[in-house]
Amino acid sequence: MKNWNFLWLLSILFINNLIAQEDIIPPSPNSQAFQTFGDYPVTYNNGVPDISIPLYNIKFKGGQLPIVLRYHIRNVKPAYNTNKIGFGWVLDYGGEISRTIKGQPDDTSIRLDESFINGSINQNQWADVQKLDYAIQGQRDGEYDIFNYSFPNGSGKFIIENQGNSYNAKQIEYHPYEFNFSLEPASNTASGNRIKTIGLIDELCLYTR
């Protein structure tokens, strides 16, 4: 009976916490429009036609960077204003890296212990009860943020994993890109730092956010 009472209390606390707060912060409307091109690739196999207007082409040694107006049919929906370019359109000037925050920002918060996330908790151990309290009070982050990238050579998603004084990008679907992170001090955060820039390297360029 004691275990059942504890589980019931745990469920009520989590439900109340979920109802009380919004735990997903989406990127800007313009970034969401770019994400659509990664989530629904432009191909006739998906029923998504390639509708684009070339504006300019920047040439450099070893490659080129097109500036293009692109239209995606998935960006046309009621009450959905993507950006200032036009309804359903985005200005693609090389792509971008965007971020959807789930829970708390991964680079400025402390992550919940993996054993807690996997459901291993002992109500008779003070350390485990403290983990529960941290979760209820929002002092620990239990979800990974999702990073989206869209560039001329490809698009995809990744999460970041804390490696002490640096971060490692773990791609949700593998692509042959390298990532690097530049950090800056942030005294008002739990981690003591935050990500300043994210770099994505392919065979032609270094893209930064």
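The values are calculated or read from the model by the stated rules, or taken from the named source; none is laboratory data. No experiment lies behind these values; they were computed from the predicted model shown. A quick note on method: Cβ atoms are made from the backbone with ideal geometry, for glycine too, and the neighbour counts reach across all protein chains shown.
Residues in the range 166-182 that are of a type in the set (Phe, Trp, Tyr) and either not assigned by TED's automatic domain parsing to the domain that holds residue 108 or not in a loop (DSSP other than H, G, I, E, B) (or both): 167, 179, 181.
Does any residue of the range 136-155 turn out to be closer than 13 Å to residue 112 by Cα, of a type in the set (A, V, I, L, M) and in the same structural domain as residue 110 (by TED's automatic domain parsing)? Checked the range 136-155: at least one residue is closer than 13 Å to residue 112 by Cα, of a type in the set (A, V, I, L, M) and in the same structural domain as residue 110 (by TED's automatic domain parsing). Based on what the data block shows, is residue 191 of a type in the set (S, T, N, Q) and at pLDDT below 75? Judged against the criteria, residue 191 is a match. Being under 14 Å from the mean Cα position of the chain (by Cα), in a loop (DSSP other than H, G, I, E, B), surrounded by 12 or more Cβ atoms within 10 Å (Cβ to Cβ) and at pLDDT 85 or above is a property that residue 144 has.
I need the full set of residues from the range 88-109 which are at pLDDT 80 or above and assigned to a loop (DSSP other than H, G, I, E, B), in order please. If the condition is that a residue be at pLDDT 80 or above and assigned to a loop (DSSP other than H, G, I, E, B), then 88, 93, 103, 104, 105, 106, 107, 108, 109 are the ones that fit. For residue 84, the stated conditions hold: it is modelled with pLDDT under 75, closer than 28 Å to residue 197 by Cα and surrounded by fewer than 16 Cβ atoms within 10 Å (Cβ to Cβ).
The residues in the range 163-174 that are surrounded by fewer than 16 Cβ atoms within 10 Å (Cβ to Cβ), touching a strand residue (DSSP E or B) at 6+ places or on another chain (Cβ under 7 Å) and not acidic (Asp, Glu) can be counted, and the count is 5.
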